[in-house]
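Written out below as structure tokens is the structure these notes cover.
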Protein chains: 2
Amino acid sequence: MRNVKLTVAYDGTNYHGFQEQRGTGLATVQEVLELCLGRLAGRRVQVTGAGRTDAGVHALGQVVNFDAAGWPIPVERIPLAMNGLLPGDVVVTEAREVGQDFHARFSARAKIYRYTIWNNRIPSPFNRLYSSFWPVPLNDEAMSQACDHLLGRHDFKCFQASGATVKTTVRTLYRAEVIREGTLVHFVFKGDGFLYNMVRIMTGTLLQVGMGKASPDSIRNLLESRQRAQAGPTMPPQGLCLEHVEY
Amino acid sequence: MRNVKLTVAYDGTNYHGFQEQRGTGLATVQEVLELCLGRLAGRRVQVTGAGRTDAGVHALGQVVNFDAAGWPIPVERIPLAMNGLLPGDVVVTEAREVGQDFHARFSARAKIYRYTIWNNRIPSPFNRLYSSFWPVPLNDEAMSQACDHLLGRHDFKCFQASGATVKTTVRTLYRAEVIREGTLVHFVFKGDGFLYNMVRIMTGTLLQVGMGKASPDSIRNLLESRQRAQAGPTMPPQGLCLEHVEY
């Protein structure tokens with residue numbers, strides 16, 4: 001086995017998420033990558049992704065690995081070769097040979113997600129695919145205070161989509177930050193793992209705080225409640241981006 | 001007549017330009033605006049645009065005017081009313097009542113266009129619709145020097161698409177600038193008028209200078225030649241944006 005790690009950026013607008021959905025006929029990023037690698041390698045290639053982004057969710061730093069045994073192309077030429085075949089909305093930004101034991105998903109130590117809001121009364125035609133439109137003014141300071149309550153090791157069950165099943169809902173958040181860049185507001189989260197829809201629900205909850213509908217301190221009770229119904233709404237997918245995976 | 005001026009931003013990706021193309025069945029921004037105004041006014045409304053952007057070209061500050069006589073909506077509510085009906089890629093950013101003699105096209109004193117390059121070996125999935133991919137390194141200083149030769153009143157015939165017919169090809173350029181913002185390079189032009197494809201050909205020519213294939217001073221001879229064939233290639237539409245119209 002010759003284990004190759006790829007860093008992949010994609011505009012998720014036209015995809016039904018990252019992961020292959022056998023038999024559905026829906027285009028996924030994984031399928032597009034495997035099709036491209038298959039053409040280059042002359043045989044079927046399977047990739048393993050670090051995270052399963054949902055339909056419409058983007059990535060700047062998704063990571064995949066695959067077995068490139070017997071493959072003629074030098075690793076450093078893989079991005080150029082793949083980008084020449086891939087559609088414009090999927091780009092390989094880096095390729096590197098890694099150890100046998102590297103696994104894009106299980107070796108990941110932390111992930112960074114960013115949720116972006118277009119915070120203006122007038123929507124933007126250029127940011128509509130990469131942010132959520134939010135015309136109501138926001139109290140950034142209150143949202144920052146609320147973020148501090150999210151930091152650390154907690155049971156994040158209240159931020160998990162109802163119906164999701166997972167062994168434990170305890171996760172550690174290393175970073176939770178609100179960054180304003182003019183009319184854009186970025187919610188940046190770094191954690192050792194994320195529950196299903198966790199970033200989109202945390203952002204929806206922080207926006208409630210930003211509008212004054214909940215206090216920053218209410219986050220503490222919310223976490224303790226472990227009740228999805230107590231948290232804010234799930235924000236739409238197009239504002240979400242998987243920024244980076246740390247190994 | 002009640003003359004209303006609208007400022008309109010649009011993502012031109014999915015449109016066959018600004019101007020209505022009767023009988024072609026192709027969607028244009030003008031048709032979308034007129035359809036929307038027609039629904040609000042309950043009668044056919046015709047708009048006049050400041051500039052005819054081509055298929056795939058964007059606008060941040062396109063300007064149109066129309067006759068709103070007998071229309072019940074207060075002018076300041078027009079953006080919200082229209083944006084509620086318009087598709088997400090066309091946005092009305094401002095509405096203002098103007099004098100009878102205001103004409104979006106003929107009253108325009110200057111226009112600002114911006115052409116954007118994604119200057120990196122690796123393309124960007126998020127900027128692909130709003131910039132041109134240009135992997136070759138560029139000499140910004142040389143391009144800036146070339147820009148200086150474009151400033152002022154000149155016969156810009158060499159930068160006009162061959163086959164275009166217009167009374168005079170003399171125009172005045174008030175601003176010609178190269179602005180680098182990380183991997184993005186913006187070419188900004190302000191002029192009293194622009195010939196067909198002028199910005200796209202000027203940018204293509206400046207890029208030749210940036211790659212060292214022509215000297216900054218060569219622009220002088222080029223202008224004098226009045227030969228389209230002596231200028232650089234026409235850059236693709238998606239990097240171009242009509243930024244602002246001055247009255």
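Nothing in this text is a laboratory measurement; each read-out follows from the coordinates by a stated rule. Given the structure is predicted, the values throughout are model-derived calculations rather than measurements. Cβ placement follows ideal geometry from the backbone for every residue including glycine, while neighbour counts extend to all protein chains displayed.
What to note about this one:
- Sorted fewest first by neighbouring Cβ atoms within 10 angstrom, A:M202, A:M1 come out as A:M1, A:M202.
- For segment B:1-53, applying the loop criterion from DSSP together with a ceiling of 14 other beta carbons within 10 Å to the chymotrypsin sites (Phe, Trp or Tyr not before Pro) yields no site.
- Under the criterion of Cα pairs below 8 Å and six or more residues apart, the relative contact order for segment A:110-246 equals 38 percent.
- Contact order normalised by residue count of chain B, Cα under 8 Å, 6+ apart, percent: 24
- Measuring r between the beta carbons of A:E246 and A:A27 and using R0 = 30 Å, the FRET efficiency lands at 0.60.
- Among B:G38, B:V8, B:S144 - extreme Cα towards positive end, dipole of chain B, charges at beta-carbon: B:G38
- For the pair A:M211 and A:R226, label points projected 7 Å from Cα toward Cβ lie 2.9 nm apart.
- Amide H contacts for A:Y247 (H built 1.01 Å from N in the peptide plane; partners 5 or more residues away or on another chain; cut-off under 5 Å): A:R109.
- Efficiency of FRET between A:Q46 and B:Q100 - r from beta-carbon atoms, R0 56 angstrom, step 0.05: 0.25
- Segment B:Y174-B:S162, extension gain: residue separation times 0.36 nm, minus the distance between their alpha carbons: 1.9 nm
- Taking trypsin sites (Lys or Arg not before Pro) across segment A:101-131, the ones in a DSSP loop with at most 14 further Cβ atoms lying within 10 angstrom of their Cβ are A:R105, A:R109, A:R121.
- The H on the amide N of A:V57, modeled in the peptide plane, is under 5 Å from the matching H of A:G17, each at least 5 residues off or on a different chain.
- Rg over Rh for chain B works out to 1.00, both radii taken from alpha-carbon positions and Rh defined as the Kirkwood radius.
- Charge dipole (Cα centre; +1 on Lys/Arg Cβ, -1 on Asp/Glu Cβ; no other charges) of chain A amounts to roughly 440 debye.
- Segment A:108-247 - Rg over Rh from alpha carbon coordinates, Kirkwood radius: 0.95
- 20 °C / 1.002 mPa s Stokes-Einstein diffusion coefficient of segment A:3-97, Kirkwood radius on C-alpha pairs, µm²/s: 163
- Most mobile listed residue (B:G42, B:G61, B:G163) in chain B, GNM with C-alpha springs under 10 Å: B:G163
- Here, the protein assembly as shown is characterised by an Rg to Rh ratio of 1.02, where Rg is the alpha-carbon radius of gyration and Rh the Kirkwood radius.
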